[in-house]
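**Q** Pasting a structure here, questions to come.
The values are calculated or read from the model by the stated rules, or taken from the named source; none is laboratory data. Just so we're clear, the structure is a prediction, and the values are computed from it rather than from any experiment. Cβ atoms come from the backbone with ideal geometry, glycine included; neighbour counts cover every protein chain shown.
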Amino acid sequence: MEKTGVLNTMDGSPLQYIISGDGPVIVLVHGYGMTMEEWPSRMISMLARRFTVVRFNLRGVAGESNKDISFTVPLAAEDLYELVAGIAEGPVKIMGYSMGGMIAQEFTIRHPELVEGLVLISTHCGGMEAIPPEQSILDEMASAPASMEEYIMRAGRLLLPEKWRKEHPDPMSWFTDYGEPSSPDAVKEQFDAMSTWEGTFFRLHLITAPTLVIAGDQDIINPPSNGPILVSRIPDARQVILKHGGHGIIFQYPEKVADIIRLFLEEE
């Protein structure tokens with residue numbers, strides 16, 4: 001049974017959300033260009049057996065936001081604060097994927113009392129200290145596909161290793177969960193926000209929650225060497241590296257990732 005709703009931020013930007021499952025609350029922060037409906041359903045259903053899973057759309061994703069305020073990673077962290085304060089009682093578990101992992105770091109540093117467990121997937125610390133992808137990858141990420149077919153093929157190239165794509169030759173099987181596409185304006189703002197984010201490298205020691213870092217060893221967007229940076233600077237952190245995993249490990253191995261997360265959070 002799912003519950004849907006909308007929370008309006010202090011500046012009037014609506015944050016749509018979906019709540020499913022039962023148990024301790026885990027809030028999922030989606031990645032660049034995604035929507036809350038694009039989390040793999042197989043991963044959500046597994047997590048919902050043990051947790052109350054909260055998915056939400058970052059501001060502007062559905063085309064509605066305060067146009068006088070530009071999207072930034074710190075602003076998204078404060079939106080997350082408003083969401084958590086509005087729908088949960090006490091501390092929650094936070095899971096951030098890719099750009100969502102950047103937002104999750106900011107949120108945890110700013111509001112440590114609200115986080116009792118942190119999961120960072122396919123992400124980095126940002127700023128000059130993060131290991132960047134090749135410039136050609138950044139250029140492709142910033143491009144605007146002309147059609148849904150082109151969008152899927154580009155996402156496949158960026159998120160899924162070539163060997164895995166050859167083993168799964170039908171592009172329509174790569175990303176099976178989707179709803180209304182994210183607003184193009186929101187996607188551009190998100191890219192600019194990631195590019196200008198100062199990062200958390202010098203603040204990672206302020207993360208006191210037990211932290212799990214999950215990465216794929218063939219990630220071309222977030223080079224695997226970024227994981228050890230996070231683990232070495234967060235006091236209580238560990239890492240899991242998935243072999244043959246790209247940036248889109250949640251799409252390649254949704255059940256496996258969910259099980260890794262469940263085991264980690266149930267230990268805490």
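**Q** Is one or more of the residues making up the range 196-209 surrounded by 17 or more Cβ atoms within 10 Å (Cβ to Cβ), of a type in the set (Phe, Trp, Tyr) and over 25 Å from Val73 (Cα atoms)?
**A** No, the range 196-209 contains no residue that is surrounded by 17 or more Cβ atoms within 10 Å (Cβ to Cβ), of a type in the set (Phe, Trp, Tyr) and over 25 Å from Val73 (Cα atoms).
**Q** Could you say whether any residue in the range 154-161 is exposed (fewer than 12 other Cβ atoms within 10 Å of the Cβ) and of a type outside the set (D, E, K, R)?
**A** no
**Q** Taking Met172 and the conditions (1) surrounded by fewer than 14 Cβ atoms within 10 Å (Cβ to Cβ); (2) within 27 Å of Gly23 (Cβ to Cβ), which numbered condition does it fall short on, given that it satisfies the others?
**A** Of everything listed in (1) surrounded by fewer than 14 Cβ atoms within 10 Å (Cβ to Cβ); (2) within 27 Å of Gly23 (Cβ to Cβ), Met172 misses just condition (2).
**Q** Give Ala155, Ala146, Ala186, Ala193 a once-over and let me know the one that is in contact with a Lys or Arg (Cβ under 9 Å, 6 or more places away or on another chain) and on the phi < 0 side of the Ramachandran plot.
**A** Being in contact with a Lys or Arg (Cβ under 9 Å, 6 or more places away or on another chain) and on the phi < 0 side of the Ramachandran plot holds for just one of Ala155, Ala146, Ala186, Ala193, which is Ala186.
**Q** So the check is Cβ under 9 Å with 6+ separation or different chains; which pairs have a first residue in the range 175-189 that's in a helix (DSSP H, G or I) and a second one that's among the aromatic types (Phe, Trp, Tyr)?
**A** Note: pairs meeting the criteria are Ala186/Phe71; Val187/Tyr32; Glu189/Phe71.
**Q** Output the number of residues of the range 190-231 satisfying the condition of being in contact (Cβ under 8 Å) with a residue 40 or more places away in the chain, of a type outside the set (Phe, Trp, Tyr) and outside any helix (DSSP H, G or I).
**A** Residues in the range 190-231 being in contact (Cβ under 8 Å) with a residue 40 or more places away in the chain, of a type outside the set (Phe, Trp, Tyr) and outside any helix (DSSP H, G or I): 20 in total.
**Q** Sticking with this one: Evaluate the range 99-110: report whether one residue or more is in contact (Cβ under 8 Å) with a residue 60 or more places away in the chain and hydroxyl-bearing (Ser, Thr, Tyr).
**A** Yes, the conditions are met somewhere in the range 99-110.
**Q** Answer yes or no: is there a residue in the range 49-63 that is out of contact with any Pro (no Cβ under 9 Å at 6 or more places or on another chain), surrounded by 17 or more Cβ atoms within 10 Å (Cβ to Cβ) and modelled with pLDDT under 95.
**A** Yes, the conditions are met somewhere in the range 49-63.
**Q** Note down all Cβ pairs under 7 Å where the first residue falls in the range 66-81 and is free of Cβ contacts under 8 Å to residues at least 60 places away in the same chain and of a type in the set (Phe, Trp, Tyr), the second is crowded, with 21+ Cβ neighbours inside 10 Å and in a helix (DSSP H, G or I), and they're at least six residues apart or on different chains.
**A** Taking only residues 6 or more apart or on different chains, the pairs are Tyr81/Phe107.
**Q** Something else now. Looking at the structure I just gave you, is Ile229 under 26 Å from Asp139 (Cα atoms) and in contact with a Pro (Cβ under 8 Å, 6 or more places away or on another chain)?
**A** In short, no.
**Q** Which of the residues that make up the range 31-90 are assigned to a helix (DSSP H, G or I), closer than 19 Å to Glu116 by Cα, in contact with a helix residue (DSSP H, G or I) (Cβ under 7 Å, 6 or more places away or on another chain) and of a type in the set (A, V, I, L, M)?
**A** Correct list: Leu47, Ala77, Leu80, Val84.
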